[in-house]
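The values are calculated or read from the model by the stated rules, or taken from the named source; none is laboratory data. Predicted, not measured: the structure shown is a model, and the values here were computed from it. Every residue, glycine among them, receives a Cβ derived from its backbone with ideal geometry; neighbour counts consider all protein chains shown.
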Amino acid sequence: MAVDPRRISLLNNILVSAGPVVYWMSRDQRVADNWALTHAQNLALERQAPLIVVFALAPAFLGATIRQYGFMLRGLAQVAQRLERLNIPFVLLQGDPPAEVSRFVRQNAVGALVTDFDPLRIKRTWRDKVAADAGVACIEVDAHNIVPCRIASPKPEFGAYTIRPKINRLLPDFLTDIPQPVPHPYTRDNPPQPAFDKVDAIELLVDSLPVDRSVPETAVSPGEASAHSYLHDFITNCLSRYGDLRNDPNANGQSGLSPWLHFGQLSAQRVALESARASGGNASGASFLEELIIRRELSDNFCWYNLNYDRVEGFPEWSLKTIAQHRHDRREYLYSAEQFENAATHDRLWNAAQMEMVSSGRMHGYLRMYWAKKILEWTESPEAALETAIYLNDRYQLDGRDPNGYAGIAWSIGGVHDRAWGERPVFGKIRYMNDKGCRRKFDVDRYAGMWLFS
Ligand code: FAD
Ligand code: FO1
């Protein structure tokens, strides 16, 4: 099945030539439901050429610790096994990703390089370098979004209310079933040495990584198989109550799918297809799809069209104005990044949310808003607040370093995708949240007791 050409962007003007086709897997780390892999295999089959999947393992990536690297690599080990069974070699490159990928392409007389879409600056830089240096046709496929980011809108959107009609109009074209890869009939005489060829290879690799090990791995089980079992568990047991329970941190009301979605171990399109089918369009299903499709794809839109997605300069005009007016308001409490990191504030609810994140690698979505807004309130400047929130989020959350995170933090601290609210000290017109509002929504003491042992 051909991939919709609107998912595909040519990154240079070199024509596809003879030779193996390589899929440079990065954001979408899965075999099933992967449009980039499908397109790469189509190109290889058309040319009766071998197909190879490579992953370039960066020695450091935006402050990721062993918590995130361990989860990712264990998921990739499963990808390697699934691909080997399809006669598609998986090669793990280590070092500077663009340099290693360009070198691999040249050394293997590759005919075409396919990679997956990612709006983050670091990934654009990698992609641009390879497209310029590798001397091969470079093709990008948006395998992460249901409606491709570049197609959903040609510009940064004000909020969910402006992107929603644009996405909904295109959903019938794109929310389709997804073809799966087939056993590949063409191999090279001397196929590359497969990665993880021994069972303990993955453990040796995880143990050898030169990354920060002070943030321990979590109990969340990595890989496509776990992702699908969690998905089916959510659909069977929670989806029907999602609308009512999703804002209650004491209820198991959210899907918990973000780590697998972040690493691309699970396709959002698969989640949407199965949830829509199970919910039959009821209110709870609709509220879940609003988050999964509209909110998630709005985040990619934000990062793709706003290179200042992790800076105060990326905030909307009205927010920059109100920030300037309230920059010197007196803060009732002031905490350093270290005090925040150690959950050493005066606020039990905030400390409990911080402890949930540090110990489990997750934080309930409703509390993420409260958590970030309090950092704005208790830090001497919005710049410092943004830096602290991103640092802590990306250090401890399994799903960190994601467009959803940059957009979620910019929403909380800078009113991105939100409107101006009634003016107040420190926040100005940025939406305010306090624990009284939380108490109206859920049992705060019960939640705090779960994560604070004192
Ligand atoms: P569910 O409620 O079950 O939703 C299912 C999926 O829909 C999520 O996995 C996610 O992919 C998407 N989604 C849900 N809510 C949002 C949202 N508000 N914005 C964008 N997509 C959404 N999400 C991350 O993936 N990584 C982050 O680092 C991250 N940081 C955040 C920081 C702050 C301050 C805020 C306010 C939000 C952040 N989010 C982040 C967005 C959202 O909170 C999480 O995606 C969600 O809580 C993940 O839990 P879940 O999978 O159970 O979500
Ligand atoms: N992508 C890569 O191509 N190579 C890496 O080594 C890599 C490490 C990594 C570590 C933590 C993390 O959260 C993401 C990581 N990613 C890596 C990127 C990831 O696949 C996503 O592309 C982005 O983080 C989300 O856009």
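The number of residues in segment 104-125 being surrounded by 19 or more Cβ atoms within 10 Å (Cβ to Cβ), within 15 Å of ligand 2 (Cβ to nearest atom) and within 15 Å of LEU10 (Cα to Cα) comes to 6.
Please indicate, with yes or no, whether at least one residue in segment 328-349 is crowded, with 19+ Cβ neighbours inside 10 Å, at pLDDT 95 or above, aliphatic (A, V, I, L, M) and under 19 Å from the mean Cα position of the chain (by Cα). Steps first, answer last, please.
To start, the set of residues in segment 328-349 that are crowded, with 19+ Cβ neighbours inside 10 Å comprises 335, 340, 343, 347, 349.
Next, from what is left, pick out any that are at pLDDT 95 or above: 335, 340, 343, 347, 349.
Restricting the remaining residues to those that are aliphatic (A, V, I, L, M) gives 343, 349.
Subsequent filtering for residues that are under 19 Å from the mean Cα position of the chain (by Cα) retains none.
No.
What residue, among those in segment 363-373 that are without any contact (Cβ under 8 Å) to a residue 60 or more places away in the chain and of a type in the set (A, V, I, L, M), is farthest from ARG67 (Cα to Cα)?
Here is the first cut: in segment 363-373, the ones without any contact (Cβ under 8 Å) to a residue 60 or more places away in the chain are 363, 368, 371-372.
Within this subset, residues satisfying the condition of being of a type in the set (A, V, I, L, M) are 363, 372.
Values: MET363: 15, ALA372: 21 Å.
That would be ALA372.
On the given criteria, is PHE61 aromatic (Phe, Trp, Tyr) and at pLDDT 95 or above?
Numbers: aromatic (Phe, Trp, Tyr): yes; at pLDDT 95 or above: no.
So PHE61 fails the test.
Here are some residues: PHE453, PHE427, PHE442. Which one is farther than 30 Å from PRO119 by Cβ and touching a residue at least 40 places away in the same chain (Cβ under 8 Å)? Walk me through it before giving the result.
Values: PHE453 fails: touching a residue at least 40 places away in the same chain (Cβ under 8 Å); PHE427 fails: farther than 30 Å from PRO119 by Cβ.
None of the other options fit; the residue is PHE442.
Residues that are at pLDDT 95 or above and in contact with a His (Cβ under 9 Å, 6 or more places away or on another chain), at least 1 per element: which helices (runs of 4 or more DSSP H) completely within segment 248-315 meet that? Don't jump to the end; show me each part of the working.
Working: elements: 258-262, 268-279, 283-289, 296-305.
Fully inside segment 248-315 and qualifying: 258-262, 268-279, 296-305.
When segment 191-231 is filtered for residues that are free of Cβ contacts under 8 Å to residues at least 12 places away in the same chain and closer than 23 Å to PHE288 by Cα, the ones remaining, listed by number, are SER221, SER229.
Here ARG213 meets the list (1) in contact with a helix residue (DSSP H, G or I) (Cβ under 8 Å, 6 or more places away or on another chain); (2) outside any loop (DSSP other than H, G, I, E, B); (3) modelled with pLDDT of 95 or more almost entirely, failing just condition (2).
The residue list ARG27, ARG67 contains one member that is of a type outside the set (Gly, Ala, Ser), within 16 Å of ligand 1 (Cβ to nearest atom), touching a strand residue (DSSP E or B) at 6+ places or on another chain (Cβ under 8 Å) and within 26 Å of VAL211 (Cβ to Cβ), which is ARG27.
For segment 254-277, what are the residues that are touching a helix residue (DSSP H, G or I) at 6+ places or on another chain (Cβ under 7 Å), away from ligand 2 (no atom under 14 Å from the Cβ) and not charged (D, E, K, R)? Selection gives GLN254, SER255, GLY256, LEU257, VAL271, ALA272, SER275, ALA276. Scanning segment 219-234 for residues that are loosely packed, with under 13 Cβ neighbours inside 10 Å and part of a loop (DSSP other than H, G, I, E, B) returns a single hit, ALA219. Look at (1) more than 16 Å from ligand 1 (Cβ to nearest atom); (2) in contact with an Asp or Glu (Cβ under 7 Å, 6 or more places away or on another chain) and you find that GLU100 fails only one, number (2). Considering only residues of segment 336-362 that are among the small types (Gly, Ala, Ser) and in contact (Cβ under 8 Å) with a residue 12 or more places away in the chain, which is nearest to ligand 2 (Cβ to nearest atom)? Of everything passing the filter in segment 336-362, GLY361 is nearest to ligand 2 (Cβ to nearest atom). With respect to GLY243, determine if the residue is of a type in the set (Gly, Ala, Ser) and either crowded, with 21+ Cβ neighbours inside 10 Å or without any contact (Cβ under 8 Å) to a residue 60 or more places away in the chain (or both). For GLY243, the condition - of a type in the set (Gly, Ala, Ser) and either crowded, with 21+ Cβ neighbours inside 10 Å or without any contact (Cβ under 8 Å) to a residue 60 or more places away in the chain (or both) - is met. Apart from one condition, PHE196 fits all of (1) modelled with pLDDT of 95 or more; (2) on the phi > 0 side of the Ramachandran plot; the exception is (1). Within the set SER284, SER240, the sole residue that is over 21 Å from SER360 (Cα atoms), small (Gly, Ala, Ser) and within 12 Å of ligand 1 (Cβ to nearest atom) turns out to be SER284. Of the strands (runs of 3 or more DSSP E) lying entirely inside segment 1-119, those containing at least 2 residues that are in contact with a Pro (Cβ under 8 Å, 6 or more places away or on another chain) and either closer than 16 Å to CYS138 by Cβ or among the hydrophobic types (A, V, I, L, M, F, W, C) (or both) span 51-57, 90-94. Among the residues in segment 173-191, are any hydrophobic (A, V, I, L, M, F, W, C), in contact with a strand residue (DSSP E or B) (Cβ under 9 Å, 6 or more places away or on another chain) and on the phi < 0 side of the Ramachandran plot? Among the residues of segment 173-191, not one is hydrophobic (A, V, I, L, M, F, W, C), in contact with a strand residue (DSSP E or B) (Cβ under 9 Å, 6 or more places away or on another chain) and on the phi < 0 side of the Ramachandran plot, which makes the answer no. Within the option set VAL3, VAL31, VAL53, being closer than 26 Å to ILE146 by Cβ, surrounded by 24 or more Cβ atoms within 10 Å (Cβ to Cβ) and of a type in the set (Val, Ile, Thr) holds for one residue only, VAL53.
VAL101 passes every criterion in (1) of a type in the set (A, V, I, L, M, F, W, C); (2) within 10 Å of ligand 2 (Cβ to nearest atom); (3) surrounded by fewer than 18 Cβ atoms within 10 Å (Cβ to Cβ); (4) more than 27 Å from SER214 (Cβ to Cβ) apart from (3).
Can you tell me how many residues in segment 293-313 are buried (at least 16 other Cβ atoms within 10 Å of the Cβ) and away from ligand 2 (no atom under 16 Å from the Cβ)?
Total meeting the criteria: 4.
For segment 363-409, name all the residues that are among the charged types (D, E, K, R) and either more than 14 Å from ligand 2 (Cβ to nearest atom) or more than 16 Å from the chain's Cα centre (by Cα) (or both).
Matches in segment 363-409: ARG368, LYS373, LYS374, GLU377, GLU380, GLU383, GLU387.
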